[in-house]
1. May I ask you to list pairs of residues, at least six apart or on different chains, whose Cβ atoms are under 7 Å apart, with the first in the range 78-100 being in contact (Cβ under 8 Å) with a residue 40 or more places away in the chain and the second being surrounded by 24 or more Cβ atoms within 10 Å (Cβ to Cβ) and outside any helix (DSSP H, G or I)?
2. Scanning for something within 28 Å of residue 192 (Cα to Cα) and assigned to a helix (DSSP H, G or I), does the range 307-320 turn up at least one residue?
3. Out of all the residues in the range 235-255, is one or more assigned to a helix (DSSP H, G or I), over 30 Å from residue 387 (Cβ atoms) and either touching a residue at least 40 places away in the same chain (Cβ under 8 Å) or more than 16 Å from the chain's Cα centre (by Cα) (or both)?
4. Hey, does the range 265-284 have a residue that's under 19 Å from residue 73 (Cβ atoms) and over 12 Å from the mean Cα position of the chain (by Cα)?
5. Select from the range 78-96 the residues that are in a loop (DSSP other than H, G, I, E, B) and more than 18 Å from the chain's Cα centre (by Cα) and list them in ascending order.
6. Just for the range 1-31: of the residues that are in contact with a helix residue (DSSP H, G or I) (Cβ under 6 Å, 6 or more places away or on another chain) and part of a loop (DSSP other than H, G, I, E, B), which one is surrounded by the fewest Cβ atoms within 10 Å (Cβ to Cβ)?
7. Of everything in the range 274-299, what is surrounded by fewer than 19 Cβ atoms within 10 Å (Cβ to Cβ), in contact with a strand residue (DSSP E or B) (Cβ under 7 Å, 6 or more places away or on another chain) and not in a helix (DSSP H, G or I)? Give them in sequence order.
8. Just for strands (runs of 3 or more DSSP E) wholly inside the range 116-216: which have at least 2 residues that are surrounded by fewer than 17 Cβ atoms within 10 Å (Cβ to Cβ) and modelled with pLDDT under 70?
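The values are calculated or read from the model by the stated rules, or taken from the named source; none is laboratory data. These numbers were taken from a predicted model, which means no experiment stands behind them. When we count neighbours, we look across all protein chains shown, and the Cβ atoms used for this are built from the backbone with ideal geometry, even at glycine.
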C-alpha cells in the first residue's frame, strides 16, 4: 500500500525521498525491520494473552530430558509469524504482482489449516488435533491453486533475449529502464532449473515421455497434470517436513530463516536483469517483487526466535510450522528452484526421512508379538540426539549450522555447473 502512496506522491508532487519506494532493495529492508518489530512487540502481548487464557502446550511424556518442563508453554505462536509476514508485505510490496499474491494466499491458507489444528488441540482439549486427512486436503488444495496458477496465469513468464541486441541496452537498474525494440520476448514455459548442469534448464513437458519410458506419445496438453501433481507433492512434503522439524526450541524458526534468505537471493538474482545475465540464469519478469515478501518472512522467523529460542516462551504450533512449509514450497516454485529443495530444505528432508525409515524398518522387522527393531533411538532425528543425552540447545545450533552449509551449497549452484 505504501508503494502506491509514495509512487503517487513522487509522480504528482515530486516529494523528496518518495522515489526510494521504487527500489526493491529499500522496500525489502524496510519489510525486514518492520517484521522484526512486529514479532518483538506483538509477540510479548500475544504470549501474555495466551498465558491469561491458559492456552498451553499439551505434552506427552516421551522420556526426553526437560520435556515435561515445557508443559503449559503457550502455543499458537505462529500467529506472531503470520502477522509479521502479512503486514509488511501489504505495506511494502506491489499487491498486483502474481507472485506476491500467491505467497500471501499460501500464508493465509496453510495458516488457517494450522490454526484449526491448534484450536482443536488447545480449546477442545483433543490431543490429536485436526484429522490428518483434513490436513492433506488443505495441502492438496493449496497445491492445486499454486500449480494451476503458475501453469496457466499469463503473468508467469520467462524473458528470452536476442543476444545480438543485448549490447544496445543503455540503462538497467533494479527495473528495466530502456531496452531496444525486439531485444526480448516474454514467453510461457514450463522450464525449471537443474543444479550443477551447464545447460541447466529442464522442461516439465519432457516428463511425459519419461514417465511412459518413451513407449507412449502423450500430447503436450497433459503437461499441466504432471506439473500440478508435482506441486501438490512438494507442497505437502515441505509443509509436513517443517511441521515435523518443529520439535525443539528455535529449530524450525532458525532453519526456516536460513531457507528464506536463500530463496530471497535466488528471487533477487532471477528478477534482476544484470545478475541473471551475468550468472546465466532465467530472467523472470516481476519476480524481484517476491524479495519483499521473502525478507519479511526471514524477519518474522528471526524475530520469533526472540521468544522461541531455548528456553522457549512460546511455541509456533501448527499455525506456524504448516504455513512456513507451504510458503517455502511456493517460493521455490516461483523462483524455479524446486529441484533444489532437497538441498535447501535438507534439514526438513532428513527429519522426514528419519520418521519414514523408523516406521518402515519397524514394520519390516515386526514379529508375531508386535515388536520390531528401530534404526534410531527415537524419531524424528532431533529426538534421537536427545535420547543420546545431547543438550537441546546444542542439537538446535548444530542443525542450524547444517542448514547454513546446505544454503551456501545451494547458492554455489548459481556459479558451478
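1. Note: pairs meeting the criteria are 78/316; 81/316; 100/93.
2. no
3. Yes, the range 235-255 contains at least one residue that is assigned to a helix (DSSP H, G or I), over 30 Å from residue 387 (Cβ atoms) and either touching a residue at least 40 places away in the same chain (Cβ under 8 Å) or more than 16 Å from the chain's Cα centre (by Cα) (or both).
4. The answer is no; no qualifying residue exists.
5. Hits for the range 78-96 are 94, 95, 96.
6. Filtering the range 1-31 for residues in contact with a helix residue (DSSP H, G or I) (Cβ under 6 Å, 6 or more places away or on another chain) gives 1-3, 6, 9-10, 15, 18-21, 24, 26-28, 30-31.
Then drop every residue that is not part of a loop (DSSP other than H, G, I, E, B), which leaves 1, 15.
Values: 1: 10, 15: 12.
Looking at residues that are in contact with a helix residue (DSSP H, G or I) (Cβ under 6 Å, 6 or more places away or on another chain) and part of a loop (DSSP other than H, G, I, E, B), I get 1.
7. Hit for the range 274-299 is 285, nothing else.
8. Working: elements: 158-161, 176-178, 184-187, 191-193, 201-203.
In the range 116-216, 176-178 are the strands (runs of 3 or more DSSP E) which contain 2 or more residues that are surrounded by fewer than 17 Cβ atoms within 10 Å (Cβ to Cβ) and modelled with pLDDT under 70.
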